[in-house]
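Here's a structure for you.
The values are calculated or read from the model by the stated rules, or taken from the named source; none is laboratory data. On a predicted model such as this, the values are computed, not experimentally measured, just so you know. Glycine also receives a Cβ, built like all others from the backbone with ideal geometry; neighbour counts cover every protein chain displayed. Remember, those area values only see protein heavy atoms, side chains included, never the ligands or the DNA or RNA. Shrake-Rupley method; radii C 1.70, N 1.55, O 1.52, S 1.80 Å.
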Amino acid sequence: MKEQLDPNNLPKHIAVIMDGNGRWAKQQGFVDRIFGHRNALKAVKEAIEGSADLGVKYLTLYAFSTENWNRPKAEVDALMMLLISALKDELEDMKKNNVRLDTIGAIDTLPESSQRVLRNAIEETKDNTGITVILALSYSGKWDIVKTAKKLAEQVKNGELAIEDIDEQLFEQSLDTKGIPNPDLMIRTGGDHRISNFLLWQLAYSELYIFEELFWPDFRREHLFEAILDYQDRERRFGKTSEQIKKPVNA
Ligand code: IPE
Ligand code: IPE
Ligand code: MG
């Protein structure tokens, strides 16, 4: 399927809601949802390698939402442990494969041990020039927007910023995703048709692709190619008419 893709029309940034680990575990006959999380790493690697292979520049993975803190403590603890072991196990490969790691979200709310491993992986990969993999951890779109509003309000209060100077561009540059282009394509596994408080601002004009039957642990690079192939068939109009999009200049 990779051969069918148009190399000149690749998404620069792909965002993924990696959903369905719990249901996957159940499907396999396991009572413990954690079994699903443990089997999610292979899918993460496939998504990263498949994207890097094509030349996608940014891949944002929704790994833990603000709301996920409300899950049973044993599951939250297991997810935090898995994050640490995965980062430790994969660091050498990330370095070798020129992968740069970054995060978005309230990282200071994670356990200190997770923060330490994350800081180290970010530092060790900061000069890599291949794909940037952004882990969304303790992240939610509403959190990102409220934090930004507070920051700008503070600047206005201190006389560093005039209200008239607040525009979409400035606001965007204060979000956690500053400097990163908005996702062209958002993929969700697990069949649910919702955003689940992911990148609310940034997904304004993203193309959405949902896997109805596929749970995240079964995600492979062929699925990524399938989603990109579908993306390449879309007409992104950004509010304009189809005729305007087809005209080459100044339509
Ligand atoms: C996604 O899978 C992983 C996280 C949210 C951390 P789920 O754990 O949500 O699995 P389902 O959706 O309950 O099957
Ligand atoms: C979204 O999945 C969050 C992540 C994949 C990290 P959820 O399983 O938490 O989403 P809801 O609760 O079904 O909306
Ligand atoms: Mg879920």
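Looking at region 13-30 only, could you name the residues that are within 17 Å of the chain's Cα centre (by Cα), of a type outside the set (A, V, I, L, M, F, W, C) and under 15 Å from Phe219 (Cα atoms)? Lay out the reasoning, then the answer.
Quick first cut of region 13-30, residues within 17 Å of the chain's Cα centre (by Cα) only: 13-21.
In the following step, the residues that additionally are of a type outside the set (A, V, I, L, M, F, W, C) were identified as 13, 19-21.
Result: Asp19, Gly20, Asn21.
Moving to a separate point now. Please verify whether Thr148 is closer than 11 Å to Trp201 by Cα and surrounded by 13 or more Cβ atoms within 10 Å (Cβ to Cβ), treating the condition exactly as stated.
No.
Quick check on region 159-194: of everything there that is closer than 14 Å to Glu207 by Cα and free of Cβ contacts under 8 Å to residues at least 60 places away in the same chain, which residue is nearest to ligand 1 (Cβ to nearest atom)?
By that ranking, first place goes to Arg194.
Kindly provide the set of residues from region 221-244 that are exposed (fewer than 15 other Cβ atoms within 10 Å of the Cβ) and out of contact with any Phe, Trp or Tyr (no Cβ under 8 Å at 6 or more places or on another chain), ordered by number.
Answer for region 221-244, where residues must be exposed (fewer than 15 other Cβ atoms within 10 Å of the Cβ) and out of contact with any Phe, Trp or Tyr (no Cβ under 8 Å at 6 or more places or on another chain): Glu222, Asp233, Arg234, Glu235, Arg237, Gly239, Lys240, Thr241, Ser242, Glu243, Gln244.
Name the residues in region 56-106 that are within 16 Å of ligand 3 (Cβ to nearest atom), open to solvent by less than 30 Å² (accessible area, probe 1.4 Å) and either in contact with a Ser or Thr (Cβ under 7 Å, 6 or more places away or on another chain) or part of a loop (DSSP other than H, G, I, E, B) (or both), would you?
Phe64, Ser65 - these are the residues of region 56-106 that are within 16 Å of ligand 3 (Cβ to nearest atom), open to solvent by less than 30 Å² (accessible area, probe 1.4 Å) and either in contact with a Ser or Thr (Cβ under 7 Å, 6 or more places away or on another chain) or part of a loop (DSSP other than H, G, I, E, B) (or both).
Only one of (1) out of contact with any Leu (no Cβ under 9 Å at 6 or more places or on another chain); (2) within 18 Å of Met186 (Cα to Cα) is not met by His13, so which one is it?
The one condition His13 does not meet is (1).
Still on this structure: Please go through (1) without any contact (Cβ under 8 Å) to a residue 12 or more places away in the chain; (2) open to solvent by less than 30 Å² (accessible area, probe 1.4 Å) for Arg116 and return the number of the only condition it doesn't satisfy.
Only one criterion is unmet by Arg116, namely (2).
Are any residues in region 107-149 in a helix (DSSP H, G or I) and touching a Lys or Arg at 6+ places or on another chain (Cβ under 7 Å), and if so, which ones?
In the first step, residues of region 107-149 are kept if they are in a helix (DSSP H, G or I); the result is 107-109, 112-125, 141-149.
Val117, Glu124, Thr125, listed by residue number.
Residue by residue, here is whether (1) more than 11 Å from ligand 1 (Cβ to nearest atom); (2) modelled with pLDDT under 95; (3) not charged (D, E, K, R) holds:
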| site | (1), (2), (3) |
| --- | --- |
| Asp19 | no, no, no |
| Gln27 | no, no, yes |
| Ile34 | no, no, yes |
| Glu46 | yes, no, no |
| Val56 | yes, no, yes |
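Residues being among the hydrophobic types (A, V, I, L, M, F, W, C) and touching a strand residue (DSSP E or B) at 6+ places or on another chain (Cβ under 7 Å): count how many of those fall in region 109-168.
10
If you scan region 30-55, which residues turn out to be in contact with a Pro (Cβ under 6 Å, 6 or more places away or on another chain) and within 20 Å of Met186 (Cβ to Cβ)?
Of everything in region 30-55, those that are in contact with a Pro (Cβ under 6 Å, 6 or more places away or on another chain) and within 20 Å of Met186 (Cβ to Cβ) turn out to be Ala40, Ala43.
Which of the residues that make up region 13-43 are open to solvent by 60 Å² or more (accessible area, probe 1.4 Å), within 11 Å of ligand 3 (Cβ to nearest atom) and assigned to a helix (DSSP H, G or I)?
Result: Arg23, single match.
Same structure again: Checking the condition within 20 Å of Arg220 (Cα to Cα), more than 15 Å from ligand 2 (Cβ to nearest atom) and touching a Phe, Trp or Tyr at 6+ places or on another chain (Cβ under 7 Å), which residue from Leu5, Leu10 passes?
Leu5
A follow-up question, please. Restricting the search to region 166-199, which residues are surrounded by 16 or more Cβ atoms within 10 Å (Cβ to Cβ) and basic (Lys, Arg)?
Hit for region 166-199 is Arg188, nothing else.
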